[in-house]
Structure formats: C-alpha cells, structure tokens
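Each remark here refers to the structure printed beneath this line.
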Amino acid sequence: MNAIEVQDLRKTFKVQKNREGLKGAFADLFKRQYSEVTAVKDISFKIPEGEICGYIGENGAGKSTTIKMLTGILVPTSGQVTVGGFVPYMEREKFVQNIGVVFGQRSQLWWDIGVIESFQLLRKVYRVSEHDFKKRLDELVERLELQELLNRPVRKLSLGQRMRCELVAALLHNPSILFLDEPTIGLDIVVKSEIRDFLKDMNREHGTTILLTTHDLQDIEALCSRVIMLDDGRIIYDGGLEELKQRWGTGREVQFQFGAATRLAQLVQWTEGMPVTWTAENDLGAKVWIPLELNVSDVLARVVGAADITDIKIIETNTDEIVRSIYQSGSADKPEDKIAALQEEKEAAHV
C-alpha cells in the first residue's frame, strides 16, 4: 500500500512585478502588474508505506513547495495528492493526526517555556491520551537522551539539542508518515550521526514512512534507498541511489601503501590486460583507477598476492559530484543514453 500518492501535481504563484523608478512605484499603487511563476510542474510519484525516500534538488527546484502541498499548507493549482489516504488540504483535522513534520529552520516548540510544557501543549493539540503520551514520551526521551533538557526553556538549548526535541515533538502522536525538511542543517557531525541512527531505528521498529529533503547528500546516503531528484519543478530522476551511482559513476579509486619499495612498472605489469590506470606518489604508495565495469576484487587479487601491502583504501563514487553533474546537464540520462535515444527515434521515423 502507498503512503503517498501524487499525480500531475502543479503549483503556480502570482508574483507582483515592480516597475522601476518613482513614476513606476506610483503607478503600482493604483494598478499592480503580476506574472505567473510555476514552482512545481505536473510531477507524479508514489511512496510505499515504510520507505525512506530522499527528495533532493537545488534551491528553487520546488522541494519545499511540494512538501507544503503534501502537508496541507498549500493548495495545489492542479493535480491530485493523497497522504495516508487523506487529501491534505481538504481533510486537515483528520489528516494531521497521521503525520509528523520537522522544518529545520522553523520550530514547533514555544520559545520561552520548558520543553516538557511544549510537549504537553502538543499532546492536547493532537488529542493524545495521557497514558499513550507518557509511554511514547518515555521511549523517545530515553532514545534521544533528553532527560536533562525537559525543564529547560527552548531558547536555552543548543541547535543540536533543539533539533532532537523537534523530532520528539513531531513523533509524540505516533504518526505513520514523517516529513523532514533540512533536519540536520547547521548541525555538527556527531549530532547528525545521532539523528540519522534514530531515524533508521524509527523506520525499522515502527515502519514509519519518511520523506526527507536535504542538501546534505550524506543524509541521503545514510538513510535512503530511493531518491527523487527535482530540477526546475520537474522530476528528472526517480529510482535507487545505487542505480544512480552505477549510471553516472565513472569508477573507483584504490589507494595502496606498501611495506617495501614497489615500482610503478611492476604494478602495471601485474594488472596487464585490465583497463586500469596507475599513478605513483613514491615507491611506497600508489593508486589505481578502476572503471565500474571491472570488479575491484579482480584487481586486488592480482596485486595482493604479489606485493607487500600494509594498507588498502577504497574510495567509492562521490555522490556530490554525481548530483552536480546531473544538475549541470539538466537530465539524469547520461550523454550516451541521450544519443542512443535520439538514434532510436530517428530509426523509428524512417520505418
């Protein structure tokens, strides 16, 4: 069963055009001019229950607009959307009982009162019974180690402490679907790791469906098996992260440290017939570039048995570079895939 279903979703905004100069400003007082900007352009996707899906794109690509429509904050211009079986903007009171939302740059906690008081207020908003609230709160507080923070005013929390409390606030009513918009923005690496581990546990133990938007691709790699990539309001890729690496990755680099001097010519000889590229820093260190079509283990088998190796480091395809290349090209199809598609169209036209 699908937790989220989106079909031909579109959102258009009217934006005021400001005319130049004093004369233009005066004219705007009496007759304003508007232009239309389409932020989301007829996108469609489905997210099954229990999936963690990454929703990524550059600034202005339409990510936040999509999330706001999925959470009922914005009404779509056209298209259909259901989340947890509800139409978000039409059935808000029932709908919000089933979702949790964390916006990294906005807080749902009250600034000047204790954290536990904010949680109590949210309990009443979501109409959670006292028994269920206590059970759920104890579980979340223990898991995120918030015991010493509950009586502090929110304004006295560090960013990392506040974000852990924001997660608890979003999960107090035990929603089946969780929307996360930049949940780790500005956090240090330790807190990021703690939040990622917590989200993986929530998904595994409770089957929580998670839609994650972020600019930190390490969040995507740590949490998501599937990624939806948005560019200029359109979906340019929807599929597995590993598949994306396979399609766009150029290869892997293996770095060797040797216990005895090993000449570059010898390394080349050991891997003769393989489409690899060797470079040497000195007699005790070298690295080899291995294309994706070749197994790393095949190269290692030739070198490990012959050389005195003290250390090996395998550097996988860099996801940041892959995503940057896709955005620069404007498509998730590799150049050779586009050429093949055009050739097929030409051949079909001649038939």
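The values are calculated or read from the model by the stated rules, or taken from the named source; none is laboratory data. Treat the numbers as computed from the prediction; the structure is a model and nothing was measured. Because the Cβ atoms are built from the backbone with ideal geometry, glycine has one as well, and the counts that use them run over all protein chains shown. Ligands, DNA and RNA are stripped out before the accessible areas are found, and what is left, the full protein with its side chains, is counted by its heavy atoms. Shrake-Rupley method; radii C 1.70, N 1.55, O 1.52, S 1.80 Å.
Return the pairs, sorted by first residue and then second, in which the second residue is open to solvent by 20 Å² or more (accessible area, probe 1.4 Å) and part of a strand (DSSP E or B), the first residue lies in the stretch 114-137 and is over 15 Å from Asn151 (Cβ atoms) and in contact (Cβ under 8 Å) with a residue 40 or more places away in the chain, the beta carbons are less than 7 Å apart, and the residues are 6+ apart or on different chains. Qualifying pairs under 7 Å: none. Scanning the stretch 193-205 for residues that are surrounded by fewer than 20 Cβ atoms within 10 Å (Cβ to Cβ) and out of contact with any strand residue (DSSP E or B) (no Cβ under 9 Å at 6 or more places or on another chain) yields Ser193, Glu194, Arg196, Asp197, Phe198, Asp201, Arg204, Glu205. If we scan the stretch 216-233, do we find a residue that is open to solvent by less than 20 Å² (accessible area, probe 1.4 Å), over 25 Å from Val115 (Cβ atoms), under 19 Å from the mean Cα position of the chain (by Cα) and small (Gly, Ala, Ser)? Yes, the stretch 216-233 contains a residue that is open to solvent by less than 20 Å² (accessible area, probe 1.4 Å), over 25 Å from Val115 (Cβ atoms), under 19 Å from the mean Cα position of the chain (by Cα) and small (Gly, Ala, Ser). Residues to consider are Lys313, Lys338; find the one that is surrounded by 11 or more Cβ atoms within 10 Å (Cβ to Cβ), of a type outside the set (A, V, I, L, M, F, W, C), outside any loop (DSSP other than H, G, I, E, B) and at pLDDT below 90. From the options Lys313, Lys338, the qualifying one is Lys338.
When you scan the stretch 259-271, do you find a residue that is among the aromatic types (Phe, Trp, Tyr) and out of contact with any Leu (no Cβ under 8 Å at 6 or more places or on another chain), even just one?
First, pick out the residues of the stretch 259-271 that are among the aromatic types (Phe, Trp, Tyr): 270.
Still in the list and also out of contact with any Leu (no Cβ under 8 Å at 6 or more places or on another chain): 270.
Checking the stretch 259-271: at least one residue is among the aromatic types (Phe, Trp, Tyr) and out of contact with any Leu (no Cβ under 8 Å at 6 or more places or on another chain).
When the stretch 29-66 is filtered for residues that are surrounded by 14 or more Cβ atoms within 10 Å (Cβ to Cβ) and either over 28 Å from the mean Cα position of the chain (by Cα) or aromatic (Phe, Trp, Tyr) (or both), the ones remaining, listed by number, are Phe45, Tyr55. Evaluated against (1) under 22 Å from Ile210 (Cα atoms); (2) open to solvent by 20 Å² or more (accessible area, probe 1.4 Å); (3) in contact with a Phe, Trp or Tyr (Cβ under 9 Å, 6 or more places away or on another chain), Glu139 falls short on exactly one condition, (3).
Quick one: is Leu292 open to solvent by less than 70 Å² (accessible area, probe 1.4 Å), out of contact with any helix residue (DSSP H, G or I) (no Cβ under 6 Å at 6 or more places or on another chain) and part of a helix (DSSP H, G or I)?
Details: open to solvent by less than 70 Å² (accessible area, probe 1.4 Å): yes; out of contact with any helix residue (DSSP H, G or I) (no Cβ under 6 Å at 6 or more places or on another chain): yes; part of a helix (DSSP H, G or I): no.
It is false that Leu292 is open to solvent by less than 70 Å² (accessible area, probe 1.4 Å), out of contact with any helix residue (DSSP H, G or I) (no Cβ under 6 Å at 6 or more places or on another chain) and part of a helix (DSSP H, G or I).
Among the residues of the stretch 67-88, the ones that are assigned to a loop (DSSP other than H, G, I, E, B), closer than 19 Å to Cys53 by Cβ and of a type in the set (Ser, Thr, Tyr) come to 1 in all.
Residues that are of a type in the set (Phe, Trp, Tyr): list the strands (runs of 3 or more DSSP E) wholly contained in the stretch 189-287 that include at least 2 such residues.
Numbers: elements: 209-213, 226-231, 234-240, 252-258, 277-282.
Result: 252-258.
Among the residues making up the stretch 173-188, those that are open to solvent by 10 Å² or more (accessible area, probe 1.4 Å) and not in a strand (DSSP E or B) are His173, Asn174, Ser176, Glu182, Ile185, Gly186, Leu187, Asp188.
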